[in-house]
1. What is the calculated FRET efficiency for residue 283 to residue 443, with r their C-beta to C-beta distance and R₀ = 56 Å, to the nearest 0.05?
2. Computed from the mean reciprocal separation of all distinct C-alpha pairs, what Kirkwood hydrodynamic radius does segment 174-300 have, in Å?
3. For the chain, what does the alpha-carbon gyration tensor say about shape, rounded, prolate or oblate, given a ≥ b ≥ c as the root eigenvalues, a/c under 1.5 as rounded, and a/b over b/c as prolate?
4. Sorted by average packing, counted as other Cβ atoms within 10 angstrom per residue and highest first, what order do 136-144, 329-337, 236-244, 189-197 take?
5. Residue 583 to residue 67: extension gain in nm, 0.36 nm per residue of separation minus the Cα-Cα distance?
6. Taking the mean number of other Cβ atoms within 10 Å as a proxy for protection, how do you rank 87-95, 56-64 from highest to lowest?
7. Relative to the compact-globule scaling 2.2 N^0.38 Å, provide the ratio for the alpha-carbon radius of gyration of segment 299-456.
8. Given 0.36 nm per residue, what is the gain on full extension from residue 338 to residue 313 after removing their alpha carbon distance, in nm?
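Read-outs throughout are calculated quantities, based only on the coordinates presented, and are distinct from any laboratory measurement. This is a predicted model, so every value here is computed, not measured. Neighbour counts run over all protein chains shown; Cβ positions are idealised from the backbone, glycine included.
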Ligand code: DGT
Ligand code: CA
Ligand code: CA
Ligand code: ZN
């Protein structure tokens, strides 16, 4: 019997499980990380592992040495991994889920298993409810409540995000497939549709539309044979569905060019937006579907005396409905139809509006690039202004800077400026907001910096009143200019990720509006924080936004577009974004906030 052909994602999942079980067992951290990094590498590969194994060999991959390569071979040939099976005779695999609960982690998962034989999330919930966890060292009523809340959050998030892929994984894979389809001579045009075009932070499935006037069978067979495809879920003349090696599901539709506008609009969604359009159409005597606007009589019956209207562009369809064309990111039935009907659509920010990136890490803390290399890269991207914002002293795990190092870096930045006359380099810092809302450096140090981001990185499960007061205190601090990734949420590749902090956002926004600071839209697709609805609210309250890549590695400088897409979903206009202002305007704003900007004016 031949084993099931595992996709790259499934192979990666085995490795991630090994990493988690080793971590719970208390194995050496390097060993844990080597499995975890291997899982990440495998998950994001653009081709089948089998092809790589046969052609250049698995050890050509980053983070894959001989031992790991042999384990991948074993999985590819047998569908199983003996090492993982041996581990699971020692520790139940379900502990991996227990470990994911916020407030648990590997050490407590091990403790619960060893002391109380708790193997599953349900068993843990029961033990927390019966007060059995209190027998254990450093566990009290408070930890029980925290764990129960963590279990609830995990279940909720698991439900909301189940089977959904983060935008950061889905978009590059989808763009590569679209490019491959556009390379076919019979394909006239193509677009990403669905939630991906609307830039939702997580994607259920990828929808790709291509237009062709010819027989679609060769287009479909090309599609299902692309190297990224792990398995075919369905193949028909106008619609096919596949699963990619990274786990994404992709629908491809072939559309006749004369119906392109109607189809693209329909498959872009959202469903709620479509329903509103259909109702508008009905009031004008038409039935709208993905094919056409078809005349109907008073009881909604299709009329056979009038022919349907076809639309080759979205613009023409919207115009027929009495609307201006609506950018895809705001098609969520949250006021865009009314705005388009009355000529009041906002001018949304575009990637080309971005002039600066104000949240960047170097090798002074946990980034990989030296200062000069970062400045070079930023200049190469056409940025006019950057802020160096390494971590502050309490973040020891991230190489946080002592006061001495911070001042030393200040000198280094000042020297660097001479070589970059066309790039304004701010020396800032990403200062930790400590558990009580104090900042991680004294005021006399903060007052010397050019730009201060304050961020939550620890004690993320504080209760609502505590975390709200903590954020508000940081917002009111005279030397804070921006709050970084305000809700500290994360979208994980292989799990539910990290929930946002439980802050009262009205209180946060009120404080921000009063103190005049900016709130960040962190562009890293793991974060996308502020998310769109909060960005929109912030803009309504006159709070400036700052979209930043939070770069740690060179390739992350290119993540800006994810932040811009998120801002667009939040109806954000360029004039409300620090990064779109000319440098003089940004410096004037900082000066107005009391910044000394020594050496910059
Ligand atoms: P996803 O895949 O869950 O991230 O979200 P979407 O929005 O991509 O949803 P999907 O893939 O099921 O469908 C793509 C688009 O097709 C959707 O945004 C709107 C349209 N559509 C799908 N089903 C329906 C429906 O039952 N009614 C209407 N009006 N539109 C639909
Ligand atoms: Ca979809
Ligand atoms: Ca779909
Ligand atoms: Zn950062």
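1. The calculated FRET efficiency here is 0.35.
2. Its Kirkwood hydrodynamic radius stands at 15.4 Å.
3. Oblate is the answer for the chain, as a/c is 1.5 or above yet b/c matches or exceeds a/b.
4. 189-197, 329-337, 236-244, 136-144
5. Extra length available between residue 583 and residue 67 comes to 180.6 nm.
6. The most tightly packed comes first, giving 87-95, 56-64.
7. 1.67
8. 6.9 nm
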